[in-house]
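J.: Sharing a structure here in structure tokens format.
The values are calculated or read from the model by the stated rules, or taken from the named source; none is laboratory data. Given the structure is predicted, the values throughout are model-derived calculations rather than measurements. Here the Cβ is made from the backbone with ideal geometry for all residues, glycine too, and neighbour counts use every protein chain on show. Accessible surface areas use protein heavy atoms only, side chains included; no ligands, DNA or RNA. Shrake-Rupley method; radii C 1.70, N 1.55, O 1.52, S 1.80 Å.
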Amino acid sequence: MSTERRSLVIVGAGPRGTGLLERIAANAPELYAGSQLDVHLVDPYPPGGGRIWREAQSPLLWMNSHAEDVTMYTDETVVMAGPVREGPTLHEWAGVDGRLFAGRQRHGAYMRWVYEQTVAALPPGIRVHHHPRLAVRVEGPREGRQRVWLEGRPEPLLADLVVLTLGHLDAELDDEQQALASYARTHGLVHLPPDFTADSDLSPLKAGEPVLVRGFGLAFVDLMVLLTEGRGGRYEGDVYVPSGREPVLYVGSRRGVPYHSKIGYDWTGERPPLPRFFGPAEVDALLARPGGFDFRRDVWPLIEKELGFAHYHRLFTAHPERTAVAWTDFEEKYAVAGPASLSALVATAVPDPADRLDLTALDHPLQGVRHPSPDALQDGLRAYIEADLTRRHDPAHSPDLAVFLGLLSVYGQLVRLGDIGSWWHGFFSFLASGPPGPRLRQMLALSRAGVLKFLGAGMTVTAEDGVFRAASATVPGAFVEARALVEARLPHPTLERTRDRLLRELYTDGAAATAEGLLAVDPADGRVLDRSGLPHPRRFALGPHTDARGSGAFTRPRTGGLALRQNDAAARAALTFLRERSGRAAA
């Protein structure tokens, strides 16, 4: 037995850091039994939920997933080398209806419990120390111990290994945001740049005044809640009763519509056999291309075919009365069809165009739509949202749920390709990560009450004549002026613009960045890559600041758990490295 204590520093104690610690606890009996280890968790926020899922936030803010769809634990579907250690989903732990959209406070309590259970499950030789500070720098030779400097601490933490599980980060303003912020200061306007809505100071947004909001995703939903119910408004059925303290929100975006509602029914029957057209073999072929690959040219056609297969498999097996041929015949022809023949095949086999999958139309729902007036746009957008709510809660449209399963499958394959750009992640969120249905019903009520007004697609913002001015292609010639502008989206912290000093200095010291500005890591285990592509033996990184970002730090049960798979690989690599440095034979 080795008596020397090794040291592991995990920077970031939110869901990703907690998940990594859980995998350390699961793998330690095999890979590190009897050895001594100090695990240092560095995060100014409480371990478990971290910043985003901390318990100290508004009780009005919900999770974006059903309670039954949230787990931090592995199951038999997670393809990994480590052992499965099952645990409760959020709804099992909380004892609530699985279809409930739990508050973020409750999820934070779940995460704290997971963290406490994980620490209790560690072998006796492994001790955890939480440092409620910011980590500001990592330095040290490739073959020697690392030094992790903490804000306000005169001496560094010495580490045999460092793992960065930083989660979502703040970013310095880009050129456009700097110009808007400068204009706001000069003219006495209000400009709120991209931020985490729960952390934003919304007090400058005054009652009754117009506020331009650019962004129609989940950050907007949080903004909407905090400026309405958060200011004393209430809902009586489908009617919103204002408090009189609300501003008037004018919202638009590139698409001009909110993200699609969460699906409100359960799966029944046969699941599509995924992956079918975009699996490990296809990813291997893409990675082996001598000249590399292009996402639109080489990857997207495979994704389209995979999602189409999921859609039509469900349509033919669950709703055969809406098809014109046998599934076996369709499947055989679909497998070999190219883009041109595929359209003809679908048109022949699926009589109703509403039953056909058109991903381009889904991505651009207001393409070519024009309204003669802002009032006509309000009617049109309310009809769109109502139709979306109806469809996403009607199992007659269950191919939509099959496409959701296809999206999850695709996401699990894409991580091996590294940084593929931001478009895919936005498309995935629009279709698969939209708000709970009740939030869209609240949106409709606010629209009818005049508190929320829609601007349309292709929203533009200019700063002129002492105000902000917004327009869109959906209502030609119309515009809205306001003295306040909110950018309702998360910041995109490239390594060059992140406010995280540690990451900026890593980049300066030679860590590699992708075209999107993400930290480049080895997809096998998360080791940080330098600019020559060489993995650092003592530095790992997991999460959305890397090019191996997954769809979330936690996952839906029995869906393969991409983040859990990554956590397991990193934990096993770390424990193996530490064991070898302890001079012990493998267990």
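J.: Between a first residue in region 119-142 that is under 12 Å from VAL9 (Cβ atoms) and a second residue that is assigned to a loop (DSSP other than H, G, I, E, B) and open to solvent by less than 40 Å² (accessible area, probe 1.4 Å), which pairs have beta carbons less than 8 Å apart while being 6 or more apart in sequence or on different chains?
T.: VAL128/LEU122; HIS130/ALA13; HIS130/ASP43; HIS130/PRO47; HIS131/ASP43
J.: So, one more: Before we move on, is PRO247 of a type outside the set (Ser, Thr, Tyr), over 25 Å from THR390 (Cβ atoms), over 21 Å from the mean Cα position of the chain (by Cα) and loosely packed, with under 11 Cβ neighbours inside 10 Å?
T.: Details: of a type outside the set (Ser, Thr, Tyr): yes; over 25 Å from THR390 (Cβ atoms): yes; over 21 Å from the mean Cα position of the chain (by Cα): yes; loosely packed, with under 11 Cβ neighbours inside 10 Å: no.
Judged against the criteria, PRO247 is not a match.
J.: Here is a further query. Would you call LEU542 over 25 Å from VAL70 (Cα atoms), of a type outside the set (Gly, Ala, Ser), buried (at least 24 other Cβ atoms within 10 Å of the Cβ) and modelled with pLDDT of 90 or more?
T.: On the way: over 25 Å from VAL70 (Cα atoms): no; of a type outside the set (Gly, Ala, Ser): yes; buried (at least 24 other Cβ atoms within 10 Å of the Cβ): yes; modelled with pLDDT of 90 or more: yes.
No; evaluated as a whole, the condition is false for this residue.
J.: A further question follows. So LEU417 passes all but one of these: (1) closer than 29 Å to ARG104 by Cα; (2) out of contact with any Lys or Arg (no Cβ under 9 Å at 6 or more places or on another chain). Which condition number does it fail?
T.: (1)
J.: Kindly indicate which of HIS91, HIS107 is in contact (Cβ under 8 Å) with a residue 24 or more places away in the chain and open to solvent by less than 10 Å² (accessible area, probe 1.4 Å). Walk me through it before giving the result.
T.: Details: HIS91 fails: open to solvent by less than 10 Å² (accessible area, probe 1.4 Å).
Exactly one residue qualifies, and that residue is HIS107.
J.: While we're on this one: Just to verify a result, which residue in region 159-170, among those that are open to solvent by 10 Å² or more (accessible area, probe 1.4 Å) and aliphatic (A, V, I, L, M), is modelled with the highest pLDDT?
T.: Once the filter is applied, the top-ranked residue is LEU166.
J.: How many of the residues in region 474-492 are over 20 Å from LEU202 (Cβ atoms), of a type in the set (A, V, I, L, M, F, W, C) and touching a residue at least 40 places away in the same chain (Cβ under 8 Å)?
T.: Filtering region 474-492 for residues over 20 Å from LEU202 (Cβ atoms) gives 474-479, 481, 492.
Then keep just the ones that are of a type in the set (A, V, I, L, M, F, W, C); that gives 475, 478-479.
When the remaining residues are screened for being touching a residue at least 40 places away in the same chain (Cβ under 8 Å), the result is 475, 478.
So the count comes out to 2.
J.: Something else now. For region 279-301, give me each residue that is of a type in the set (A, V, I, L, M) and open to solvent by less than 50 Å² (accessible area, probe 1.4 Å).
T.: Across region 279-301, the qualifying residues are VAL283, LEU286, VAL299.
J.: Here is a list of conditions, (1) open to solvent by 50 Å² or more (accessible area, probe 1.4 Å); (2) in a helix (DSSP H, G or I); (3) charged (D, E, K, R); (4) touching a residue at least 24 places away in the same chain (Cβ under 8 Å), and ARG370 meets all of them except one; can you say which number that is?
T.: Evaluating ARG370 over (1) open to solvent by 50 Å² or more (accessible area, probe 1.4 Å); (2) in a helix (DSSP H, G or I); (3) charged (D, E, K, R); (4) touching a residue at least 24 places away in the same chain (Cβ under 8 Å) leaves (2) as the failure.
J.: Related question: Checking GLY152 against (1) at negative phi; (2) in a loop (DSSP other than H, G, I, E, B), only one condition comes out false. Which one?
T.: Result: GLY152 fails condition (1) only.
J.: Could you look through region 200-235, keep only residues that are of a type in the set (Asp, Glu) and in contact (Cβ under 8 Å) with a residue 40 or more places away in the chain, and pick out the one that is surrounded by the fewest Cβ atoms within 10 Å (Cβ to Cβ)? Walk me through it before giving the result.
T.: Within region 200-235, the first condition is being of a type in the set (Asp, Glu), and the residues that meet it are 201, 209, 222, 229.
Next, only the ones that are in contact (Cβ under 8 Å) with a residue 40 or more places away in the chain stay: 209, 222, 229.
Details: GLU209: 14, ASP222: 25, GLU229: 17.
Here the answer is GLU209.
J.: Please enumerate the residues belonging to region 422-444 that are open to solvent by less than 10 Å² (accessible area, probe 1.4 Å), more than 21 Å from PRO557 (Cα to Cα) and among the small types (Gly, Ala, Ser).
T.: Within region 422-444, GLY437 is the sole residue that qualifies.
J.: Taking only region 426-470 into account, find how many residues are closer than 18 Å to ARG254 by Cα, in contact (Cβ under 8 Å) with a residue 24 or more places away in the chain and not hydrophobic (A, V, I, L, M, F, W, C).
T.: Number of matching residues: 7.
J.: Identify, by number, the condition in (1) among the aliphatic types (A, V, I, L, M); (2) touching a residue at least 12 places away in the same chain (Cβ under 8 Å); (3) within 30 Å of ALA515 (Cβ to Cβ) that VAL350 doesn't meet.
T.: Of (1) among the aliphatic types (A, V, I, L, M); (2) touching a residue at least 12 places away in the same chain (Cβ under 8 Å); (3) within 30 Å of ALA515 (Cβ to Cβ), only one is false for VAL350: (3).
J.: Does ALA184 satisfy the criteria of being open to solvent by less than 30 Å² (accessible area, probe 1.4 Å) and closer than 14 Å to ARG483 by Cβ?
T.: yes
J.: Pairs needed: first member in region 307-324, without any contact (Cβ under 8 Å) to a residue 12 or more places away in the chain; second member anywhere, assigned to a helix (DSSP H, G or I) and open to solvent by 10 Å² or more (accessible area, probe 1.4 Å); C-beta distance under 9 Å; at least 6 residues apart or different chains.
T.: Close Cβ pairs satisfying both conditions: PRO320/TRP327.
J.: Can you tell me which residue in region 473-492 is surrounded by the fewest Cβ atoms within 10 Å (Cβ to Cβ), limited to those that are touching a His at 6+ places or on another chain (Cβ under 7 Å) and either at pLDDT below 95 or assigned to a loop (DSSP other than H, G, I, E, B) (or both)?
T.: From region 473-492, those touching a His at 6+ places or on another chain (Cβ under 7 Å) are 474-475, 485, 490; that's our starting set.
Going one step further and asking which of them are either at pLDDT below 95 or assigned to a loop (DSSP other than H, G, I, E, B) (or both), we end up with 474-475, 490.
Working: THR474: 25, VAL475: 23, LEU490: 19.
Across region 473-492, the extreme among qualifying residues is LEU490.
Conditions tested, residue by residue: (1) assigned to a loop (DSSP other than H, G, I, E, B); (2) under 30 Å from GLY98 (Cα atoms); (3) without any contact (Cβ under 8 Å) to a residue 24 or more places away in the chain.
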| residue | (1), (2), (3) |
| --- | --- |
| GLU516 | yes, no, no |
| PRO523 | yes, no, no |
| VAL528 | no, no, no |
| GLY533 | yes, no, yes |
| HIS536 | no, no, no |
| PRO544 | yes, yes, no |
| ARG549 | yes, yes, no |
| ARG558 | yes, yes, no |
| ALA563 | no, yes, no |
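J.: Then there is this: So, in region 379-410, exactly how many residues are open to solvent by less than 20 Å² (accessible area, probe 1.4 Å) and part of a helix (DSSP H, G or I)? If you could, list the steps in order and put the result at the bottom.
T.: Kept after step one, since they are open to solvent by less than 20 Å² (accessible area, probe 1.4 Å), are these residues of region 379-410: 381, 385, 388-389, 398-399, 401-403, 406-407, 410.
Checking which are part of a helix (DSSP H, G or I) leaves us with 381, 385, 388-389, 399, 401-403, 406-407, 410.
Counting residues in region 379-410 that are open to solvent by less than 20 Å² (accessible area, probe 1.4 Å) and part of a helix (DSSP H, G or I) gives 11.
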